[in-house]
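Student: Attaching a single structure in structure tokens format; questions to follow.
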Amino acid sequence: MTVLQPLDTHASVCPRASLIFDQVTFSYQGKHLLGPCSFTLQGAGPTLVMGPNGAGKSLLLRLAHGLLAPASGSVQWLPQRPRQAMVFQQPVMLRRSAIANLIHALAVNKTPRRQRQQLAEAALERFGLSRLARTPARVLSGGEQQRLALARAWVLAPQVLFLDEPTSALDPAAIKAVEEAVLAFQRQGTRVVMTTHDIHQARRLAADVLFMANGQLLEYTPATQFFHQPESSGARAYLRGELVE
Amino acid sequence: MAADSNALSVALSLLINLDAALVDIVLLSLQVSLLAVCLAALIGFPLGAAVALWRFPGRGLVVVALNALMGLPPVVAGLVVYLLLSRAGPLGEWGLLFTPNAMVIAQVVLVLPILAALSRQKVEELLAEYQEQFVSLGMSRLRMIQTLLWDARFALLTVLLAGFGRASAEVGAVMMVGGNIDGVTRVMTTSIVLETSKGNLPLALGLGIVLLTLVLVINAAAYLVGEWARRRTG
């Protein structure tokens, strides 16, 4: 992959926003699924949200990004809601060419019309997709689609980027490309919050870890501490490879 | 039997020689139905997308009404438009009754529910897939409608062809509001009815062949568009 250059419109010049979860719960069709959950997202990240399947990692991310509203409690950004983007496990691609997907995002973002083409082309190049610019996005491979989803997030120059299991369906080469992209976002000051169930991936990327099990947040600790001396018994068992409920 | 096969050969010669009366009728049919379908699409597609997108009280009723109106009997549509446009009706002043414009209105009434109901379905399927991405991008409803309609373009083209098929093959409504006036409001379907009852089978058969061909071409086009879209957009 090409080396990622910082965007000029970048986030690092903006004051860092902090995210506050206060007694947040979520339920669906009468079933309690998450919380109550309280924490304040701090530091520069990347923050990795870890835990077994069904722990509520994706829910936490969707609540943070505002795709879901909490049943009770509050999700708050201070001092104000930052520009943010999200990359999903299954990338959602419009039925248009790769570059048209980026231009659409730029149009939604109210980028002046004459800059869109150039920004989109630059992003495609950064993510090694230039030769696929005119290809319909939905016939790209899984790895290419995920890179395109990252390029779409890139053109939005988000201050916060959420990624929900972005590599779970990819092969090792594609996983490497996604992880490099995550670090590139991080380098240019985007606050990265990402879920994974891959402990090795978390070790490679994490500055701190939110560990969840069974809809509860069990701990929020720096990565070095989490991988050596986790606070919760749930995390200790998870890291030992035991099955955690 | 001999008379019938004779009628068929005369019908074919009318077609081959592009008989003036026949061509006029075919052209008027196409003009009326194409205009009706275009107008219906301008209203029906955004309406379908809006119903797919918004959750409001009574939405279920709107969906059921649109679906039910897809089967609206043409003569009922004709009657309603007739009552609206007749001299004593609320729109009587416009003087539209027994003009091609009245036939366009009647066909819009027939086709609009088809376009709105089917596009609502297609857009709703697409929205289920796109919704989280849309919310994540912070899109306005208007932008969502634009995006959904464009991304459903191949499906909507098929819907459009279905609407055109219904409009061009329908006889009851245009007969009532058009009056089947020679050279003014006589279209393929109404001519076939009239010419058959007069015993002028060659013209009726000739028009029947054109109509049948048109329907075949429309369906072939719909099929090809669907196949091409599947291969192209995955």
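The values are calculated or read from the model by the stated rules, or taken from the named source; none is laboratory data. Nothing here was measured: the structure is a model prediction, and the numbers come from that model. As a convention, Cβ positions derive from the backbone with ideal geometry for all residues, glycine included, and neighbour counts pool all protein chains shown. Side chains are part of the model used for accessible areas, which takes the heavy atoms of the whole protein and leaves out ligands, DNA and RNA. Shrake-Rupley method; radii C 1.70, N 1.55, O 1.52, S 1.80 Å.
Student: Is at least one residue of the range A:188-199 open to solvent by 10 Å² or more (accessible area, probe 1.4 Å), within 14 Å of chain B (Cβ to nearest Cβ), at negative phi and touching a Pro at 6+ places or on another chain (Cβ under 8 Å)?
Tutor: No, because not a single residue in the range A:188-199 is open to solvent by 10 Å² or more (accessible area, probe 1.4 Å), within 14 Å of chain B (Cβ to nearest Cβ), at negative phi and touching a Pro at 6+ places or on another chain (Cβ under 8 Å).
Student: Run down A:A173, A:A157 and say which single residue is surrounded by fewer than 19 Cβ atoms within 10 Å (Cβ to Cβ) and not hydroxyl-bearing (S, T, Y).
Tutor: Criteria check complete, one pass: A:A173.
Student: Being open to solvent by less than 10 Å² (accessible area, probe 1.4 Å), more than 14 Å from every other protein chain (Cβ to nearest Cβ) and touching a Phe, Trp or Tyr at 6+ places or on another chain (Cβ under 6 Å) is true for just one of B:V159, B:V177. Which residue is that?
Tutor: Result: B:V177 is the single residue among B:V159, B:V177 that is open to solvent by less than 10 Å² (accessible area, probe 1.4 Å), more than 14 Å from every other protein chain (Cβ to nearest Cβ) and touching a Phe, Trp or Tyr at 6+ places or on another chain (Cβ under 6 Å).
Student: Of all residues in the range B:89-126, which are open to solvent by less than 10 Å² (accessible area, probe 1.4 Å) and within 14 Å of chain A (Cβ to nearest Cβ)?
Tutor: B:V123
Student: Continuing with this model, one more query. Go through (1) of a type outside the set (G, A, S); (2) within 11 Å of chain B (Cβ to nearest Cβ); (3) open to solvent by less than 60 Å² (accessible area, probe 1.4 Å); (4) in a loop (DSSP other than H, G, I, E, B) and name the single condition A:K110 misses.
Tutor: Among (1) of a type outside the set (G, A, S); (2) within 11 Å of chain B (Cβ to nearest Cβ); (3) open to solvent by less than 60 Å² (accessible area, probe 1.4 Å); (4) in a loop (DSSP other than H, G, I, E, B), A:K110 violates only (3).
So that you can scan it fast, the table gives a plain yes or no per residue for (1) within 30 Å of A:Q188 (Cα to Cα); (2) of a type in the set (V, I, T); (3) within 14 Å of another protein chain (Cβ to nearest Cβ):
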| site | (1), (2), (3) |
| --- | --- |
| A:H32 | no, no, no |
| A:T40 | yes, yes, no |
| A:V49 | yes, yes, no |
| A:P52 | no, no, no |
| A:S58 | yes, no, yes |
| A:H65 | yes, no, yes |
| A:L68 | yes, no, yes |
| A:A71 | no, no, no |
| A:Q76 | yes, no, no |
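Student: Would you mind telling me which numbered condition in (1) over 17 Å from the mean Cα position of the chain (by Cα); (2) modelled with pLDDT under 95 A:A120 fails?
Tutor: The one condition A:A120 does not meet is (2).
Student: For the range A:184-205, give me the residue count where each residue is closer than 21 Å to A:N53 by Cα, of a type in the set (A, V, I, L, M, F, W, C) and either over 12 Å from the mean Cα position of the chain (by Cα) or in a helix (DSSP H, G or I) (or both).
Tutor: 3
Student: Hey, can you tell me all the residues within the range A:70-96 that are open to solvent by less than 30 Å² (accessible area, probe 1.4 Å) and of a type in the set (G, A, S)?
Tutor: Passing the criteria: only A:A85.
Student: Just give me the residues in the range B:162-174 being aliphatic (A, V, I, L, M) and buried (at least 20 other Cβ atoms within 10 Å of the Cβ), in sequence order.
Tutor: Result: B:A167, B:A173, B:V174.
Student: Check the range A:132-146 and report whether any residue there is more than 24 Å from A:A64 (Cβ to Cβ) and among the hydroxyl-bearing types (S, T, Y).
Tutor: Yes - at least one qualifying residue is present in the range A:132-146.
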